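Report on the following structure.
Read-outs throughout are calculated quantities, based only on the coordinates presented, and are distinct from any laboratory measurement. Model, not experiment: these values are computed from the prediction. Here the Cβ is made from the backbone with ideal geometry for all residues, glycine too, and neighbour counts use every protein chain on show.
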Amino acid sequence: MGELYGTIGLEFGPSVTKLPPPMEAPSKADILREIQLMMKELFELEPEKVQPESRLIEDLELDSLDAIDLAVKVEETTGLQFGETKIPELRTIDDVIVAIQGIVATQGVPEKFKARQAEQAQADKP
């Protein structure tokens, strides 16, 4: 009976599965470039005018509905979920950048954003 229930020898070697490294959070410059593209598409604002210090109301002449449109565009474009309570807090482009960084820190980098970043990287290659 002991022979019937003998031990089974298992060998474990090194793993052959390699996971890709996690995507780093986008830099402030990457986020600014995305926002500039969105602002041009939504409000026909030139990228030079959309800078971190630009104030949404005073400099870019956006109103509260425009800020909501921007938040919706960020969600549609990147997959990042903006909380409705954050929108009234946004005063400058840098506030938008910081909010996006905070969302990425808590939610991770969504697939839509990764794909958009890869597309942008390809477009930037000579």
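The table for this structure:
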{"item": "Distance between modelled label sites at Thr77 and Lys28, nm, 7 Å Cα→Cβ extension", "result": "1.9"}
{"item": "Cα gyration tensor of the stretch 28-111 - equivalent ellipsoid semi-axes, whole Å, descending", "result": "19, 14, 12"}
{"item": "Efficiency of FRET between Glu44 and Ser64 - r from beta-carbon atoms, R0 22 angstrom, step 0.05", "result": "0.70"}
{"item": "Ile57-Gln101 FRET efficiency (beta carbon distance; Förster radius 22 Å; 0.05 resolution)", "result": "0.50"}
{"item": "Pair Asp124, Leu37: separation of 7 Å Cα→Cβ label points (nm)", "result": "1.1"}
